[in-house]
Every structure is written in C-alpha cells, then in structure tokens.
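Please read the structure below before turning to the comments.
Any read-out appearing in this document is the output of simple, stated calculations on the displayed coordinates, not a laboratory observation. Here the structure is a predicted model, which means the values were calculated and not measured. Heads up, the Cβs are rebuilt from the backbone with ideal geometry, glycines too, and the neighbour counts pull from every protein chain shown.
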Amino acid sequence: MILNFILLRFQKGMRSLKQELKIFTIFIFIWMMGCKGEESLIPTYLKVHPAKMNIIPGTGTIHQNIEDYWLYVDHKLIGVIPSGNTIPVVGNGEKDWSIQPGIRVNGLRDEAHIYSFLQPSSGTVSLCECGDTVHIYPEFEYKPTALFSFIEDFENSNRFTEDLDEYPLTTGVTQLITAAEGKYSLAMNVSADLPTNSMSTQDFYNDFKSDGRDVFLEFEYKSDFPFLVGIQAHLSSGNFTEYAAGAYASQVWKKMYVNLTDLVVASQSTGGYRPVFTVTHPGGTIDAGNLYIDNIKLVHY
Ligand SMILES: [Ca+2]
Ligand SMILES: [Ca+2]
C-alpha cells in the first residue's frame with residue numbers, strides 16, 4: 001500500500017517534472033527568441049559634439065547660441081538633443097545624417113525651433129548594430145540665401161542713434177567698458193530720474209517683403225534691467241512701435257534671436273522697419289545701470 005502510494009507520488013512527480021520541463025523548454029525558447037530579437041536592436045551610439053561655426057565673409061560674428069541639435073538619420077528625426085550628448089540609433093549600414101541647429105526663439109524655453117538661416121550640417125555614418133560610438137562634429141554657417149539689412153558690431157560705427165523716448169539724456173553710446181566681441185558695445189543708460197531709454201536705428205529698412213518670410217533680429221546683450229525688443233513700422237499715418245520679445249537682466253553676455261516675422265506681416269509697411277530696444281529703470285533707490293548690446297543683425301530672406 002505504502003509502496004503503491006510512493007510509486008503513485010513518484011509517477012505524479014514524474015508527470016509534473018515532465019510538465020515543468022516542458023514549460024521550462026518553452027520559456028527557454030521564448031527567451032532565446034527574445035534574445036535573437038534584442039540582438040538586432042543593438043544600436044550604434046552617435047555622440048554629437050559642440051558645433052563649429054564657419055566664418056563666412058559679410059555675415060558678422062560667428063557667435064551663436066545653438067541649444068538643440070535636431071538629428072536626422074536616413075531622413076528621419078532621431079532626436080532633439082543638447083550638444084555633447086550621445087543618442088542610440090537602430091539600423092545597419094551606411095546612412096545619411098543631418099543636424100539642424102535649434103534655437104530658443106524670443107528667449108523662451110518653450111519656443112524651441114530650427115533656425116532657418118543656418119545651413120544644416122550633414123554627412124554619412126556607418127551603423128553597425130554593435131554598440132559602437134560614432135563621433136559627429138557638426139559645422140554650421142549662414143545659408144547663401146540669408147540676407148542682412150545691417151550688421152552692427154559698434155567697433156567703428158553706431159547706427160542706433162534714434163532716440164524714441166521722452167528723455168534726451170538717455171541715449172545709446174559706444175564704450176569700452178564691456179563688449180560681447182571686439183572692444184566696443186552699445187550702452188543704453190537708465191536711472192531712477194531718467195527711467196526710460198528707447199533707441200532705434202536712424203534708417204528704416206525695406207529690403208525685405210512683408211509676405212511671411214522669416215525676419216529675425218539677432219543680438220548679444222548684458223543688462224542691469226529687463227528690456228523689450230521690437231520694431232517700428234514706418235506707415236503713412238506715422239511710425240508705430242510694437243514689441244516682439246522681452247528679456248530679463250543678465251550679468252553675463254547672452255545671445256538672443258527675436259522673430260519679427262509676424263509683426264512685419266501684420267503692419268504691411270511699405271516705408272520699412274527698424275528695430276527698437278527699450279530698457280526701463282524700476283525706480284526707487286535702485287542704482288542707475290545700462291543695457292549693453294553688441295553684434296546686432298537684422299536677417300531675412
Ligand atoms: Ca563689438
Ligand atoms: Ca532717450
């Protein structure tokens with residue numbers, strides 16, 4: 001009886017062992033299949049190094065503030081990454097890559113866009129499915145189709161002499177105290193007694209059409225106070241100023257890109273446009289200070 005029971009348990013045990021073996025075999029098979037699938041998913045890693053800006057005569061400073069690299073491989077967007085980052089790319093064989101330079105329009109973190117005036121960097125990469133890292137060194141330069149109404153570096157000139165506010169003692173002067181590049185930048189002074197300083201160029205620029213093509217103002221700044229940037233449109237009914245962007249005070253030089261396209265389209269001026277910088281002092285006992293600007297470019301197609 002006991003012998004029978006032991007035999008039965010043994011046979012039952014054999015059965016469950018067989019079942020377990022079966023399940024184990026299926027599991028191993030699925031795992032191996034999974035491994036096989038994973039094997040083909042081993043990526044190649046692309047490390048995108050900080051871009052080099054190529055010097056093109058007539059395009060002014062090479063200072064840019066490219067915050068994002070829009071990486072395309074085989075004409076598909078792989079990712080939008082900061083420079084110095086590594087990104088995995090799945091695939092095999094020789095592929096085309098291109099990187100579009102990304103900026104933050106109007107200084108806004110949420111306004112991450114490709115900057116259309118710079119030529120994308122491109123090349124080919126050999127994807128290996130082997131986990132190797134391939135180094136990419138992008139280079140950017142202005143497109144030949146990018147046109148400049150003016151480039152002002154304040155080294156030997158200052159076209160920002162038009163005082164638009166009601167305080168004749170707030171002006172724009174070139175000085176040697178600080179500069180983003182070279183020796184000179186423009187300083188726009190404000191104080192509690194002279195709280196507003198609004199400067200523009202003497203000329204209006206009408207070398208671009210108001211048809212929706214990109215019009216941007218590039219510049220570098222350092223400022224004791226927040227300030228506004230916009231354009232003044234020259235219309236038969238008078239000159240109208242509208243602001244496109246604002247920036248906070250900064251004790252270090254920063255580069256900003258202001259999109260003027262919508263304002264240009266909205267005003268449809270035939271008499272042209274000129275950029276406007278307006279800085280305001282908060283009043284009270286706060287010290288007098290300056291908005292410093294350098295390397296201003298009005299760029300369009
Ligand atoms: Ca300068
Ligand atoms: Ca003034």
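Counting only strands (runs of 3 or more DSSP E) that fall entirely inside segment 57-135 and contain at least 2 residues that are among the basic types (Lys, Arg), the qualifying elements are 93-104. Counting only strands (runs of 3 or more DSSP E) wholly contained in segment 140-236, the ones carrying 2 or more residues that are touching a residue at least 40 places away in the same chain (Cβ under 8 Å) occupy 147-152, 185-190, 196-200, 215-223, 227-235.
Table: residues versus (1) surrounded by fewer than 18 Cβ atoms within 10 Å (Cβ to Cβ); (2) of a type outside the set (A, V, I, L, M, F, W, C).
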site	(1), (2)
Pro88	yes, yes
Leu118	no, no
Ser157	yes, yes
Ile177	yes, no
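Out of segment 246-258, which residues are buried (at least 21 other Cβ atoms within 10 Å of the Cβ) and of a type outside the set (A, V, I, L, M, F, W, C)? Selection gives Tyr257 alone. Taking segment 225-245, which residues are aromatic (Phe, Trp, Tyr) and surrounded by fewer than 21 Cβ atoms within 10 Å (Cβ to Cβ)? Matches in segment 225-245: Phe225, Phe240, Tyr243. Checking every residue in segment 170-180 against the condition of being in contact with a strand residue (DSSP E or B) (Cβ under 7 Å, 6 or more places away or on another chain), small (Gly, Ala, Ser), away from ligand 1 (no atom under 13 Å from the Cβ) and more than 17 Å from Asp224 (Cβ to Cβ) gives zero matches.
Within segment 188-217, which residues are surrounded by 13 or more Cβ atoms within 10 Å (Cβ to Cβ) and within 14 Å of ligand 2 (Cβ to nearest atom)? Of everything in segment 188-217, those that are surrounded by 13 or more Cβ atoms within 10 Å (Cβ to Cβ) and within 14 Å of ligand 2 (Cβ to nearest atom) turn out to be Met188, Asn189, Val190, Ser191, Leu194, Pro195, Thr196, Asn197, Ser198, Met199, Ser200.
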